[in-house]
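**Student:** Submitted below is the structure of interest, expressed as C-alpha cells.
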Amino acid sequence: MAIAVIICCYHKIRLCFTYNLIFFALLLFSGCTKKSSAINIIWVNERPSALAIPRDLPGDVTVSPENIIVRMESKNPVAMLGNYTFDDDHVIFEPLIPFTRGLRYEILVNGVIAGKVDIPEADAADSPLLLNIYPTQDTVPENLLKIYLHFSKPMREGVSAQHITVIKNNTDTLQGTFLDLQPELWNEDRTMLTLWLDPGRIKRDLIPNKISGTPLQNGNHYTLIIADRWTDTQGLSLTKPFKKEFTAATRDSESPDPKSWTLNKPVSPTDPLVVIFNSPLDYSLMMSTLLVHDGNTSIAGRWEPGAKEKSIKFIPGENWIAGNYTLRIETRLEDLAGNNINRLFDRTIKHAGDTVSAVEIISIPFTVTPQ
Amino acid sequence: MKKNTGFLLTAVAIGIVVMAFNYRSGNSAYGLTIGTPDVKSITSLAFGPEGILFIGDSKSATVFAVDTKDKTTVDKAAAIDLKGVDQKIASILGTTPDKITIQDMAVNPLSKKIYVAVQYSDGTPVLLTIEGEKIQAVSLKDVAFSSIALNNPPAEDAKDQRGRSLRVSTISDLAYADGNVMVSGLSNQEFSSTFRSMTFPFTNKQDAASLEIYHAAHGQYETASPIKTFTTATINNKKYLIASYTCTPLVLFPLDELKPGTHVKGRTVAEMGSGNQPLDMITMNTNGKSFLIMANSNRPVFRVNFKNIEAFQGSLSTPVEENFATEGVAFVNMPLTNVLQLDKMDDNRMVLLQRKANGSLDLWTTDNAQWLLQ
C-alpha cells in the first residue's frame, strides 16, 4: 500500500482529459525524466483536480478500466463519480469536483485497497482578509439599503447568513437584518458580496415594515461582525473576525443631485479631477457609473473613491490636454438608501399618472486649462 | 512515406466527415450544435420541450439550452424517499455534506428523472440526475447545446482597472412556457428587477421588460421590487406571470403585456407575511383543481387555489391593518416546513427537498400525501 502526499511529477502522460490538465501535464512532462511508481496529485489552478495512478502497482497489480475505483475514506465509502482515462503507464482519475483538502482517498483495484492519498491542507499563509466594508462611514441613514463586503480572495458562496451578525447597542443580536438571497449577489471573481438590508422592512407601509420596522433605527448603535469561520474557495478561513461599528441617523429621502456637486478641475496636466458629492454615494455604483469624455470619446483612466464615499477622484491615463470635457453620470447611480438620480427608492405618488424621468445620462461640462 | 501521407489524408477526411455528422447531429430543430458549453455555475434549472434542459448560469450571466436526450416518456416514476440526500451526494462526489450546496432541481416532465444542480465549496458546478436511489452524473461534454448571454451592458458600462465589469446580473429564476424562456435577474449594484422573455430557439433578439409594482398598502408609495421566483398560469383564459418578490407579495402580470422596453405594473394579489423569503413556486393541476404551491424560507409551504386568484379582482391598495400578518387572496399553510426546493413530479405528486426536524436533508415524493393537493 502506497501513501502519497504531494508528488510533483509523473512520466509520459499522453492522455486527454481537460484542456487545463493537458496544459499542466505538459508542464510536468517537460520537467520529468524519471518514471515514478507513486500515485500523484495533479494540481490545476491550485486545486487538487485529478490523480495519476501508475498502471503497474507493487505486487504485480495491473490497473485496467474495469478494475479500478477511487473513493473517499469513510465509514460507508462509495465509488466517486468522475472520468478515468488510460495510457500505457497511467490511469488518470478526474473527479467531478476537486478532491477536498484534508481528506484521505482510497484507490481500489480488484476490490482491494492499492493505495491511499492524503490531500494536504491549504497553506494558512494564503488565508483571506476582509479588505473593506462599504459604506466606510460610521453614520448611515436608517434606511441604508446595501452593504458591500470586499475580500482579498474569492470566498465560498451561499453561506453569508451563517457568518454575519448584527448587534444593536452592544446587547441585542438582530435577526432578519439582511435578505438571505440564494444565489447571493457576488461580483464576477467572488471577492465582493452585496448584502441587501431587508427591503420589505425599509419600504414604508409594507407588512414587514409595519410589523418589524426598519432594520436600522435612528439613534441606535450597531456592530456588524463577520465571523472568522467563513472560508474562501480553497477552504481557508478568514484570518480573524472583522467588525464595523456604526450609528443610524435620520432617513435619507432625497435623490443624489449632480447639480449640487463640486468639480475640482485639474490645474496641472497630471492633477486628478475631483468630484465632491453633496452626500455619500453607493460605493459600487459610484465606481461604475461615471465617465470623463473628450468630445464623444471616453478618456482612459482610473477612479479612486474619496473618504467616506463623499467624493471620487479621476486619474487620467495620460496627461490632460487643454480643452473641453464632460463628466457623464449614469442616472442609475444611487445613494446609501437606494435613491437614484431619477427616482427615490420609496417614492410618494402625488398625482395619478405621475412619472419619473427616463433620462439615462446626465452630463456636466468642464474645461481644463493646465498650467 | 507517400502511403503514410495518403493514409493520413484519408484519416483526416474521415475525421472531417465524422465531425460534420456530429455537428449536424446537434438538434437542428432548436438550433443546437455539438460542443461543450462553458458552464461556470448552475443556479437555475428548467425543462423545455423534448428533454431540452435550460441551465441558468449566474456567474457568466448566460442561459444554456442542453439536449439531455432524456426523452423516454415515463407515466409514473417510482416513488423517491432519499434520506440524507446531501450525505449521499457528497459521498459520491468524494467530499463532506458541508462542502456542497444544492442550488436547484427540476423534474424532466418526460422521463420524470430529477435533475439536481450542486455546487462545491470552491464554486465548481455539478449536474446530477436522481432516479429512485440512483445518483448519476450528467456530462456536459460534447452535447447538443445553444446559449444566450443575458448581460447587455450599456455601452458605457464601466470597468475597474483590471478591465472586468463590476456589474453582474444574477439569475433569480428561470422558466419555459409556450416557446419562451423567461428569466428574472437581480443586480449586484442597483436595486432593480430585470425580467427577460426570450424566444426559443434562441435568436439575437431579447425582449426585456422592466417590471414595476405597487406593493400592498401602497396607495401612496411606489418601489422597485426585484423578482425572486415566478411561474406561469392561465387564469380566466388569460396567461399570467405569477411572481413573488423578495418581500413575498404575490403579483400577477399579464404575459401579453410584457413587451420589450415597457414598464408593466403588476397587480398585487397577496402579501404573505414578514421576515420571509419565497424560495420556489410551481403550479399543480390535480383532481380538477389548480393550485399555486410556494416554498418559503421562514414559513410553511403555501397553497393558493387559482379559483381564489380568479375571484380576486382587486389589488391591494388600502392601508394594512396593524394586526394583520397577511393580506389579499386566501391561502392555506400546508403542513410542510423547511422545504428548500420543490417541483412537479406528475399531476398528483410533488417532489420536495426538505430539511427535516432531525436535521436530515431528505428528497421525497408525496406519494402517500396526496391529501396535500385536495
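The values are calculated or read from the model by the stated rules, or taken from the named source; none is laboratory data. These figures come from a predicted structure and were not determined experimentally. Heads up, the Cβs are rebuilt from the backbone with ideal geometry, glycines too, and the neighbour counts pull from every protein chain shown. Side chains are part of the model used for accessible areas, which takes the heavy atoms of the whole protein and leaves out ligands, DNA and RNA. Shrake-Rupley method; radii C 1.70, N 1.55, O 1.52, S 1.80 Å.
**Student:** Between the stretch A:150-216 and the stretch A:279-332, what is the separation of their alpha carbon centroids in Å?
**Tutor:** One Cα centre to the other: 29 Å.
**Student:** Further question on the same structure: Amide H of A:Asp257: which non-local residues (sequence gap of 5 or more, or other chain) have their own amide H closer than 5 Å, using H built in the peptide plane?
**Tutor:** Hits under the 5 Å cutoff: A:Asn278.
**Student:** On to the next question. What's the longest uninterrupted piece of chain A once you rule out the GluC sites (Glu not before Pro) that are loop residues per DSSP with at most 16 other Cβ within 10 Å?
**Tutor:** A:122-253
**Student:** Under the classification rounded if a/c is under 1.5, otherwise prolate if a/b is larger than b/c and oblate if not, where does the stretch B:34-121 fall, given a ≥ b ≥ c as square roots of the Cα gyration tensor eigenvalues?
**Tutor:** Judged from the Cα gyration tensor, the stretch B:34-121 comes out oblate (a/c at least 1.5, b/c at or above a/b).
**Student:** Of B:Lys40/B:Lys113; A:Lys210/B:Lys99; A:Lys310/B:Lys265; A:Lys203/B:Lys228; A:Lys203/B:Lys59; B:Lys205/B:Lys265, which ones are farther than 27 Å apart at the Cα?
**Tutor:** A:Lys210/B:Lys99; A:Lys310/B:Lys265; A:Lys203/B:Lys59
**Student:** Evaluate the distance, in nm, between pseudo-label points positioned 7 Å from the Cα of B:Trp371 and of A:Leu108 along their respective Cα→Cβ axes.
**Tutor:** 4.4 nm
**Student:** For the full complex of protein chains and a 1.4 angstrom probe, list A:Ser127, B:Ser139 by accessible area with the highest value first.
**Tutor:** B:Ser139, A:Ser127
**Student:** Right, next: Taking the 0 to 90 degree range and rounding to the nearest ten, how far is the long axis of helix A:19-30 tilted relative to the main principal axis of chain A, both from C-alpha atoms?
**Tutor:** 60 degrees
**Student:** Can you tell me which lysines have their Cα less than 16 Å from the Cα of B:Lys307? Leave out same-chain residues fewer than eight positions away.
**Tutor:** B:Lys238, B:Lys239, B:Lys289
**Student:** Which aspartates and glutamates have a Cα less than 13 Å from the Cα of B:Lys356, not counting those fewer than 8 places away in the same chain?
**Tutor:** Within reach: B:Asp81, B:Asp86.
**Student:** Would you tell me the accessible area of A:Lys240, worked out with a 1.4 angstrom probe on the heavy atoms of the protein chains, in Å² to the nearest 10?
**Tutor:** Near enough 110 Å² of accessible area.
**Student:** Separate question: If a/c stays under 1.5 just call it rounded; otherwise compare a/b with b/c (prolate if a/b is bigger, oblate if not). Do that for the stretch A:212-313, with a ≥ b ≥ c from the square roots of the Cα gyration tensor eigenvalues.
**Tutor:** Because a/c hits 1.5 or more and a/b fails to exceed b/c, the stretch A:212-313 counts as oblate.
**Student:** As a test of reading the structure, rank A:Lys259, B:Lys228 by solvent-accessible area (1.4 Å probe, protein chains only), most first.
**Tutor:** A:Lys259, B:Lys228
**Student:** Using the Kirkwood radius over Cα pairs, work out the Stokes-Einstein diffusion coefficient for the stretch B:323-374 at 25 °C and 0.890 mPa s, in µm²/s as a whole number.
**Tutor:** 194 µm²/s
**Student:** With every protein chain present, what accessible area does B:Arg355 have (1.4 Å probe, heavy atoms only), rounded to the nearest 10 Å²?
**Tutor:** Around 90 Å² of this residue is reachable by solvent.
**Student:** For the pair A:Asp123/A:Glu73, report the inter-label distance in nm, with labels modelled 7 Å from Cα in the Cβ direction.
**Tutor:** It is 2.5 nm.
**Student:** Does the stretch A:258-313 come out rounded, prolate or oblate by the C-alpha gyration tensor, with a ≥ b ≥ c the root eigenvalues, rounded set by a/c under 1.5 and, if not, prolate when a/b is larger than b/c and oblate if not?
**Tutor:** Prolate shape, in that a/c is at least 1.5 and a/b is the bigger ratio.
**Student:** On to the next question. Can you give me the distance in nm between label points at A:Thr270 and A:Lys313, each placed 7 Å from the Cα along the Cα-to-Cβ direction?
**Tutor:** 1.3 nm
**Student:** Something else about it: In square angstrom, rounded to the nearest 10, how much accessible surface does B:Ser184 have for a 1.4 Å probe?
**Tutor:** In the full protein context, B:Ser184 sits at about 0 Å².
**Student:** Still on this structure, I have one more. Mark the label point 7 Å from the Cα of A:Val356 along Cα→Cβ and return the residues of the stretch A:191-218 whose backbone N is within less than 19 Å of it.
**Tutor:** A:196-206
**Student:** Evaluate Rg over Rh across chain A, taking Cα atoms for both radii and Kirkwood's formula for Rh.
**Tutor:** 1.13
**Student:** Under a straight-distance cross-link criterion of Cα-Cα below 13 Å, which aspartates and glutamates are reachable from A:Lys259, leaving out those fewer than 8 residues away in the same chain?
**Tutor:** none
**Student:** So what's the gap between the Cα centers of the stretch A:66-139 and the stretch B:48-97, to the nearest angstrom?
**Tutor:** 22 Å
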